[in-house]
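**Student:** Here it is: the structure, laid out below.
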Amino acid sequence: MSAGAGMSRRRPGAARRFRAWQRNWWHRLAAPLGAPLPQRRLFLLPTRFGLGWAALVVLLMLLGINYQNSLIHALAFWLFALGVAVLLRAWRNLLGVRLSLRLPAEAFAGGEARLGVIAQSRRPRTALQVRCDDERVRIDVEKGRGEGELRVPTPSRGVWRVPTLCLESRWPLGLVRALAWQAHEHELVIWPQPLGEAETRRADGGPGREEEDFAGLRRAEPGDGPARLAWKQWSRTGTLAAKAFEAPPHDDVWLDYADGSGDPERRLSWLCARVLIHHREGERFGLRLPDRVLAPGQGAAHRRAALDALARCRPAADGEGAP
Amino acid sequence: MSGASSAAADAPAVLADGRGLSGAMLWRLFVGQCLVLALHLAWMPAWFAGVAVVVAAYRYRQLRRDAPRAGLLLRLAAVGALVAALTSEYGSLGEMRALIGLLLGVYLLKLLETHDRRDARVVVAIGLVATGVAFLHGQGLPLALAAVIALAWQLQLLAWLSGARSRRQAWAEAGWLLGLSAPLMVALFLVVPRLPPLWHMPETSRAATGLTDRVSPGDIAELSRSDARAFRAEFRGEAPPPGERYWRVYTLSHFDGVGWSRVSPSQLAATLEQPLSRFVREGRASAWAAQGEARYDYELLLEPDSRPWRPSLGTPLRAGEPQRFLADGTLAGREALSSRALLDLESSGAAPAFADPAGTRWFRLLPADTNPRTRELARRLWRHSDGDPRRYLRAVLARFGEAPYRYTLSPPRLTGQHRVDDFLFDSRAGYCSHYASATAVMARMAGIPARLVAGFLGGERHPDGHFTVRDYDAHAWVEVWLDGAWQRLDPTAAIAPERIERGASAVTEGREAFLADAPFSPLNYRGIGWLNEMRLEWERLEYRWQRGVVDYRGAARERLMARLTETLAQMAAALVALGPWRLLGLAALALTALAGAALGWRVGRQWRLGRHDELRRLAAFQAWLRRRGYPLRPGESPAAHLRRVAQDMDTAAPALEAAAEALERWLYALLDAPERREASRRLHAALRRARRDWRRAKRRVIVKGQTASTRHEHP
């Protein structure tokens, strides 16, 4: 019992150290993203077919020996030599490739992030594969440049550290896998998943305001409703005009975390949807979150700031959220 | 039409789902199968082509109609049918051809269940094994070339499977790989030692049709009319004249009244109750012949045969590798040959001069109550020749030279009890073995020890000096024991002397169906000069290939390796002889040359790249400006940088302004290709001009300064 407790006390430390060691080791293996791939960070691993190829060489060699057949010997030697040449070609296919990552402008939770991957090199490269977690994309470099798009699912909100990229290729014959890890510090801010339109409206307490202040007359266009046409002016002047209205200027809207209902993630989703709606309608809005307050503002930059704040928001446990 | 076909040719290997093979890829796999099958088809039953077509047609239909895949039952049935067909073709599956057939059949049927990349790679791997196995049929030059084509195709398939996007790319990669690996392959082929067989494998039985260890004149289908090669020989030094090219293989010493048969050493030892070592000894030199000067020294290139016979010109004396020397003056290998092999041999060129340990009595044995008429004739001739064996034999041969006897390749069939009687008194037509048999029988009847020798006579001489001996050169003659030595006696020389002098084809030219077993043989056209020359040239090439490549093992390999090490040792010795200082100087020179070449290559590449790469050129120019005190400021665009510098440097200003404008135009304007090239050209020109003007301005300033200072000093 006590031994078990001791173990359990010791294990987290060991695990952490192991993880740290692993990360360290990993980073030592990985090459920095954006620089030409150096040869010391490039690995060649045999594939299953490559092992089969080795077995094939041995089989042909045995046939050649037992039948004392020179040409079977020659074929076995040639297949072996081809394996060596494949090592060279696979290595050259990856050596010196410069990979860079283009993060998407916006990414919402529950969707996918489209990471642009750009490979650059002087020589043409064939069938490069960039892997990020389980997603992979193929890139061919022609005329110095090749592009691909990784579609990585983004299940949850927050700051997502884009994992170490893996650059690999089985070109030319699929006997070996040339492999390099690409370390980088890219982070992607994943905004909360916006709540559905209908739920947002209900939470808002009614539809958006109508344009009701009379603002003057304008030339009538086909499609104007009969109620909006200025019949009086028509009878007087003979020109068909339509009445124009505009929405009344209104106060800044405050979006408050405390106004929402449900668990924190749902509240953030609701706020996200509200931010999108207000921005779309060109309104000024401010944001009040448990850990920060954003002064009212307007425009794309403000929207971005608000959504980033939502993504980075760390709602504490209930009740403690209020500053 | 051509567009459509080229689109199909460049269709990707896998479907859009990234897993399933595309129809185009399956077609390429099928073509690969056909190429591999073509290597085998000359030796394997023709129905394999049918199997390939049926499987491909099934697969095509399945793809077009979107039909379900071939089920397990169908596949099992196909394999079962294959096994049944092979069993009925070859008798059992243990036969080597049947095993090869099984491999080929599985290779072809595999297409039925080839659906993704992994399956396709398995098909390619089996194809490579089948390519190697094709060399068990033969190792000729055409087969080797065809195999290289098949190999290239398979590599190209693998390139497609690894993601090639176009036919050109796939073939280019296959070419690169073949080219890069070829030198290593050659080096391995030359250097890697060859091991002896590790275990026994099933073999194809093969026998030279001309040579038999039993000769019974009168039976049909004895004389080979095949043009298959029996062996080739290359003489070091003197080559024998046509009349001396008697290649001894077997001696036939047992006559049963109908035919002659060979008695092997072990049979002889058992019959005579003597130890086997009296009749055969293994070694590099003959234990029986006097080790005098050999008359002929030559190298044989033997064709594979299931019997371990080895020909020798006369009596074998010494061999390059241990052989079994027989007491009758013939030679046997230690085992049969499964592929071509080289053999160095020295021999006397004449029948053995030593007695056979079987004793002379053994060579006088005759069945008592056969061939009475011949016996009567022998008695009469013996009386006429006064008991002189030589006169007697001359009389026998002279009799064959006379009218009613004729030499023919298709003699009437003899079936009676007394074959020699029938031949000598009734049919009077036959070829070498008829006459040899009759002569030997008559010699024995007179009490002269005699035996038949089966072997080859002649051989075609090639312009480069080597000889080819073919199945139709098979011959039989007689050896008699006279005056303490065996003497060669060829009755064919009496009846058809041209056979001896000009070869087997000479006796029958225009008269009979020579080469009846090979109606399409190029040997039929040797009358046509240029065709014959081409044939000889091709055979010479084939011979070089066989000797140099196919038989590169054992002694040949050791010789080459020895020469190589010797050359290396000589080079090393020459270097050491130079002395340490010169050696050091030489090394320094070589290193300098190497470094210079590398540097030149690098500079040349940079210059070449810089000429065409605007950004590189611009970066170089910016670095140049930085060295002169005008670094690029943070946040400044390259064009703005150039304009800022232009304000300071009034001399170079126009060029710098032009460069900035050309750069902006090149970077941002919407230009088509020729306009873009023009903008790039202008940019380069402006940058060049800016540098030149800058330098001139500096020089002028310096010159001005100098003249000013001198002026100052003067007054």
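All of the numbers you see were taken from the coordinates with simple rules; none came from a lab. If you're wondering where the values come from, they're calculated on a predicted model, not measured in any experiment. Here the Cβ positions follow ideal geometry from the backbone for every residue, glycine too, while neighbour counts run over all protein chains shown.
**Student:** Given labels modelled 7 Å from the Cα in the Cβ direction, how far is it in nm from B:Arg544 to A:Leu103?
**Tutor:** For the pair B:Arg544/A:Leu103, the computed spacing is 6.9 nm.
**Student:** Given the -39500 (n - 2.57) contribution per DSSP H run of 4+ residues, what per-residue ellipticity at 222 nm results for chain B, rounded to the nearest 500 deg cm²/dmol? All intermediate terms of the calculation are to be shown ahead of the outcome.
**Tutor:** Details: 22 runs with 359 residues, N = 715.
Only helices count here, giving -16500 deg cm²/dmol.
**Student:** Using a 10 Å cut-off around each Cβ of peptide B:178-191, what is the average number of partner chain Cβ atoms that fall inside?
**Tutor:** 5
**Student:** In whole angstrom, how long is each semi-axis of the equivalent ellipsoid of the protein assembly as shown, when you take the square root of 5 times every eigenvalue of its Cα gyration tensor and sort them from largest down?
**Tutor:** Output for the protein assembly as shown: semi-axes of 92, 39, 29 Å.
**Student:** Separate question: Determine the distance separating the Cα centre of the stretch B:178-200 from the Cα centre of the stretch B:66-98; give it in Å without decimals.
**Tutor:** A separation of 35 Å, based on Cα centres.
**Student:** Once both labels are modelled 7 Å past Cα along the beta-carbon direction, what's the B:Leu589-A:Arg114 spacing in nm?
**Tutor:** 6.5 nm
**Student:** Where does each of A:Lys243, A:Lys232 land when they are ranked from fewest to most other beta-carbon atoms within 10 angstrom?
**Tutor:** Going from sparsest to densest Cβ surroundings: A:Lys232, A:Lys243.
**Student:** Pairs of alpha-carbon atoms within less than 8 angstrom and 6+ residues apart define the contacts here; what relative contact order does chain B have, in percent?
**Tutor:** Details: 981 pairs, mean separation 75.4, N = 715.
With pairs under 8 Å counted, the relative contact order is 11 percent.
**Student:** Hydropathy at least 0.0 by Kyte-Doolittle, axial extent at least 20 angstrom from the Cα trace: which helices of chain A, defined as entire DSSP H runs, fit?
**Tutor:** Span-like helices, by this rule, are A:48-66, A:70-94.
**Student:** Find the relative contact order for the stretch B:641-703 and round it to a whole percent, using C-alpha pairs within less than 8 Å whose residues are 6+ positions apart.
**Tutor:** 38 percent.
**Student:** If neighbour count is taken as other Cβ atoms inside 10 Å, put B:Leu103, B:Leu177 in order from fewest to most.
**Tutor:** Ascending number of Cβ neighbours within 10 Å: B:Leu103, B:Leu177.
**Student:** Most exposed first by the Cβ proxy, i.e. fewest other Cβ within 10 Å, how do B:Val263, B:Val576, B:Val186, A:Val189 rank?
**Tutor:** Ascending Cβ contact count within 10 Å gives the list B:Val576, B:Val186, A:Val189, B:Val263.
**Student:** Summing +1 for each Lys or Arg and -1 for each Asp or Glu, what net charge is found among the other residues whose Cβ lies under 11 Å from the Cβ of B:Ala652? Present the calculation step by step, with values, prior to reporting the outcome.
**Tutor:** Working: positive: B:Arg628, B:Arg689, B:Arg691, B:Arg692, B:Arg695, B:Arg696, B:Lys698; negative: B:Asp648, B:Asp650, B:Glu657, B:Asp693.
Once positives and negatives cancel, what remains is +3.
**Student:** For B:Ala38 and B:Leu568 in one chain, what is 0.36 nm times their gap in residues minus the Cα-Cα distance, to one decimal in nm?
**Tutor:** Separation in residues times 0.36 nm, less the Cα-Cα distance, equals 186.5 nm.
**Student:** With only alpha-carbon atoms in the gyration tensor, what are the semi-axes of the equivalent ellipsoid for chain B, in Å, largest first?
**Tutor:** On the way: eigenvalues 1281, 269, 98 Å².
Whole-Å semi-axes of the equivalent ellipsoid: 80, 37, 22.
**Student:** Hey, another quick one. Once you average over the residues of A:47-53, how many Cβ atoms of partner chains fall within 10 Å of each Cβ?
**Tutor:** Other-chain Cβ atoms within 10 Å of each residue's Cβ, averaged: 3.
**Student:** Treating the beta-carbon of each Lys and Arg as +1 and of each Asp and Glu as -1, no other charges, what is the dipole magnitude of chain B about its Cα centre, to the nearest 20 debye? Show your work: numbers first, answer last.
**Tutor:** Numbers: 97 positive and 71 negative charges, 876 e Å.
Using Cβ point charges on Lys, Arg, Asp and Glu, chain B gives about 4200 debye.
**Student:** Grab the other residues whose beta carbon is less than 11 angstrom from that of A:Ile65, score K and R as +1, D and E as -1, and report the net.
**Tutor:** Once all neighbours under 11 Å are counted, the net charge is +2.
**Student:** How far apart, in nm, are two points set 7 Å out from the Cα along the Cα-to-Cβ line at B:Arg582 and at B:Ala287?
**Tutor:** In this crude label model, B:Arg582 to B:Ala287 measures out at 5.7 nm.
**Student:** Percent relative contact order of the stretch B:2-191, based on C-alpha pairs within less than 8 angstrom and at least six residues apart?
**Tutor:** Relative contact order for the stretch B:2-191 comes out at 29 percent.
**Student:** Can I ask one more? Computed over the Cα atoms, what is the radius of gyration of the stretch B:18-109 divided by 2.2 N^0.38 Å, N being its residue count?
**Tutor:** 1.16
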